[in-house]
Amino acid sequence: MRNLVNLFWITVFMLSGCAKEEPACCIIPQPQSVEVSEGNLTLFKPLLFISDLKGNEGEEFTSYLKQSPLALEPQNGNVQDAPIRFCIVDSIPGYSSEESYQLQIDKGFLTISATSAVGLFYGFQSLLQLVQQNTDNSVVFALAKIKDAPRFPYRGLHLDVSRHFKTKEFVKKQLDAMARYKLNRFHWHLTDGAGWRLEIKRYPELTEQTAYRPYPNWKAWWEGGRTYCTKDAPEADGGYYTQDDVREIVEYARLRHITVIPEVEMPGHSEEVLAVFPQLSCSGKPYVNSEFCIGNEETFTFLENVLLEVMELFPSEYIHIGGDEANMEIWKHCPLCQKRMKREGLNNEKELQSYLIHRMEKFLSAHNRRLLGWDEILEGGLAPEATVMSWRGEQGGIAAAKAGHDVIMTPGSHCYLDAYQDAPTTQPEAIGGYLTIDNVYSYDPVSSMLSAKEATHVKGVQANVWAEYMPTPEHMEYMIYPRLLAIAEVAWTQPEKKNLEHFRKCVLKETEWLQANGYNPFDLKQEIGERAEVKETVEHLAKMKPVYYVNRYADQYTAGGDSALVDGLRGGWTYGDKRWQGFLNKDMDVTIDLGKKTDLHLISAEFMQLRGPYVWLPREVVISVSDDGSSFMELERLSTDVPVTESKLTFRTYRWEGEIQARYVRYHAFSNDIEGGWIFTDEIIVK
């Protein structure tokens, strides 16, 4: 009977593709095909291997294996005695990617086969996760057969080192984790208004004058004047990478089959450049503009000179030029920009930005490189060979793919690791939002709106780490891990092979590995989860009654439209969960028709404040009622007790309680008149 039970479970494991719960079966990202057998392979140290890789590839791979946790050693005698074998083969049946591999562990040998060095490398990463026991004398592996290949060729991590500088040792540490989880593109955000982090020989002033700030962190800099200082100034904070540092990191990444993609921001997010070279701005003055003057030919001379040095340092196919969030108003009042528009026949400032993007694309193309930019580069017309990185939702990526352009999907809704990952009241300060590991894991980069042909333009997916609220290395790692593991599986594993329950169990094991290896991950075992209010529908007198708006809600945050405030659905920890209705630069002023005169005892609504993204509690709330919908009687006038300087996520309920009869309920929440400010609420409850 016991043998029959074992046979049943072995069959289940083989059919489910690693559904087994034991640690031996946990590999992140989940392979495409896994067969697990009973038993294990015990190898005694030193662990000897042979490899088909020759020349530089062979030497580099051998060096990596010797320095790995398994400390493998090449077999120099009888190669038949080597228990671990790395074999180059003509093909991996069923897979065409050079990153594919096959791993077989039986009771005699351990064999990893691939068509290339990178395939052998990824097979070895899976092997490292299959170790059951590692002692001073031996290593124990589960018996398994794995065939594997990535879903997407681009599997990325973006790291912002402008807002808070991180050392090259920290960067290397993240590259090690990327390799373990088969991520192969490191997008390095080296320049932004908060600091220039890359040595440029032709323009040493960039790092001499703007790589340091007289503030301990980005938040203090943002609120304290946004100025820069030299390294020897009192309270100087920051740093930069020398060109030798960059070469070292690029080589370190290459040995782990990771391509480093540099980002040099343009035309916006360039306050630091314009503080040093104000002649490149529209005003000609430092600390005034954030955008380059596109009408000034000297701007292009500067940018091309910088990119020449960047291309010398980075052999990557892609060079990222930013292109996001430019304030185009300044160009409307700049004589040089307007002259450029007239001369080039440009109709508006979006086309002016597109002019810059086209020129940069041609320049990079002439040097056998490709331009990569945020999805704003679509506006005004996309350069022919440009690749779009879609961050403002998926629409930019979908539009680009339909137009025949390659796309990297990285929407904030699923890929921005600067959002809170658990109940915000229990977490370190973040920019806002609420993005759990489950939300990340649920993402599919290929939209159902794309045809099969259009979908081929989706080249991959990327996690973005923006560092405004991550001043320390520990805090940054806390935000990256373990959510990056979910991105890795989204990027590598075919959707039908994904299993959230199994993934979460494997993450618990991997969290222990991360902690043991000096990382600082969020502990998933301590997760609290979504806000309690989300879990139940609220029944009340105004549910699904007609609502009349004085000011229309914002198109970005409709929460379902005109019935959103009376649909019985409460919002979660973030206004981005499609349950909070938002009003930009205006009051929320609505009237609900209950249909008939009704006994009323409670009228209430809840609001949130999160200073980072300019989400504020209302300055004042007035609650009124009426019998005819025309003449209203004020029941309650409430002022907020939370100052606008409060930056922590805060919820407040403004209510009236008493006894009255009325047909119409008016709820008026006043904006605090801060330009760009939002008001969000989820439900007006009437009882």
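Summarising the amide proton neighbourhood of Val131: residues at separation of 5 or more, or on other chains, whose placed amide H is nearer than 5 Å comprise an empty set.
Extension gain, Glu73 to Tyr252, is 62.3 nm, computed as 0.36 nm per intervening residue step minus the present C-alpha separation. Cross-link pairs exceeding 25 Å in C-alpha to C-alpha distance, out of Lys453/Lys497; Lys535/Lys596; Lys586/Lys648; Lys332/Lys459, comprise Lys535/Lys596; Lys332/Lys459. A simple rule links phi to the HN-Hα coupling: the Karplus curve 6.51 cos²θ - 1.76 cosθ + 1.60 with θ = phi - 60°, which for segment 429-437 gives 4, 9, 6, x, x, 8, 10, 7, 5 Hz, with x for Gly and Pro. For Ser365, project a label point 7 Å along Cα to C-beta. Then give me every residue of segment 396-436 with its amide nitrogen under 19 Å of that point. Residues passing the 19 Å test: 400-408. Taking the Cα centre of segment 634-687 as origin and assigning +1 to Lys and Arg Cβ atoms and -1 to Asp and Glu Cβ atoms, the resulting dipole is close to 160 debye. For an R0 of 30 angstrom, estimate the FRET efficiency from the Cβ-Cβ distance between Tyr549 and Glu657 and round to the nearest 0.05. It comes out at approximately 0.75.
Near Cys229, the amide H atoms lying under 5 Å from its own belong to Tyr212, Arg213; only residues 5 or more places off or on other chains count, and H is placed 1.01 Å from N.
Among 278-288, 672-682, 158-168, sorting by the average number of other beta carbon atoms lying within 10 angstrom of each residue, highest first, gives 158-168, 672-682, 278-288. The charge dipole of segment 532-686, taken about its Cα centre with unit charges on the Cβ atoms of Lys, Arg (+1), Asp and Glu (-1) only, comes to about 240 debye. Each listed q (0.12, 0.20, 0.22 Å⁻¹) maps to a log10 I(q)/I(0) for segment 418-504, found by the Debye formula over equal Cα scatterers with no solvent: -0.43, -0.97, -1.08. When the charge dipole of the chain is built from unit charges on Cβ atoms (+1 for Lys and Arg, -1 for Asp and Glu) and taken about the Cα centre, the candidate among Gln515, Asn40, Tyr575 whose Cα reaches farthest toward its positive end is Asn40. Residue-wise HN-Hα couplings along segment 188-193, as the Karplus relation 6.51 cos²θ - 1.76 cosθ + 1.60 with θ = phi - 60° gives them from phi, are 9, 7, 8, 9, 5, x Hz; Gly and Pro carry x.
Sorted from greatest to least, the principal axis extents spanned by the alpha carbons of segment 351-427 come out as 51, 24, 23 Å. In plain terms, if you count all Cα to Cα distances in the chain and split them into 10 Å steps from zero, the share in each step is 3, 13, 21, 23, 19, 13, 6, 2, 0, 0 percent. Assuming charge only on the beta carbon of Lys and Arg (+1) and of Asp and Glu (-1), the dipole of the chain about its Cα centre is about 1000 debye to the nearest 20. Given 37 °C and 0.692 mPa s, how large is the Stokes-Einstein diffusion coefficient of segment 532-686 in µm²/s, with Rh as the Kirkwood radius over Cα pairs? Answer, rounded: 212 µm²/s. DSSP beta bridges fully contained in the chain are about 60 percent antiparallel. Computed from phi, the 3J(HN,Hα) profile of segment 30-43 under the Karplus parametrisation 6.51, -1.76, 1.60 (θ = phi - 60°) reads 4, x, 6, 9, 9, 10, 10, 10, 6, x, 8, 10, 10, 10 Hz, with x in place of Gly and Pro. Pair-distance distribution P(r) for segment 191-243, from all Cα-Cα distances in 10 Å bins starting at 0: 29, 55, 15, 1 percent.
Scaled against the 2.2 N^0.38 Å expected of a compact globular protein of N residues, the Cα radius of gyration of segment 154-526 reads 0.97. Given H placed on each backbone N at 1.01 Å, which residues far from Ser281 in sequence or on other chains put an amide H within less than 5 Å of it? Under 5 Å from the amide H of Ser281 lie the amide H atoms of Cys293, each far enough along the sequence or on another chain. Computed extension gain for Arg392 through Ser448, at 0.36 nm per residue and net of the alpha carbon distance, reaches 18.4 nm. With helices as the sole contributors, the chain gives -8000 deg cm²/dmol at 222 nm; each DSSP H run of n ≥ 4 counts as -39500 (n - 2.57), and the sum is divided by every residue.
All of the numbers you see were taken from the coordinates with simple rules; none came from a lab. Quick caveat, the model's predicted, so the values are computed rather than measured. Cβ atoms come from the backbone with ideal geometry, glycine included; neighbour counts cover every protein chain shown.
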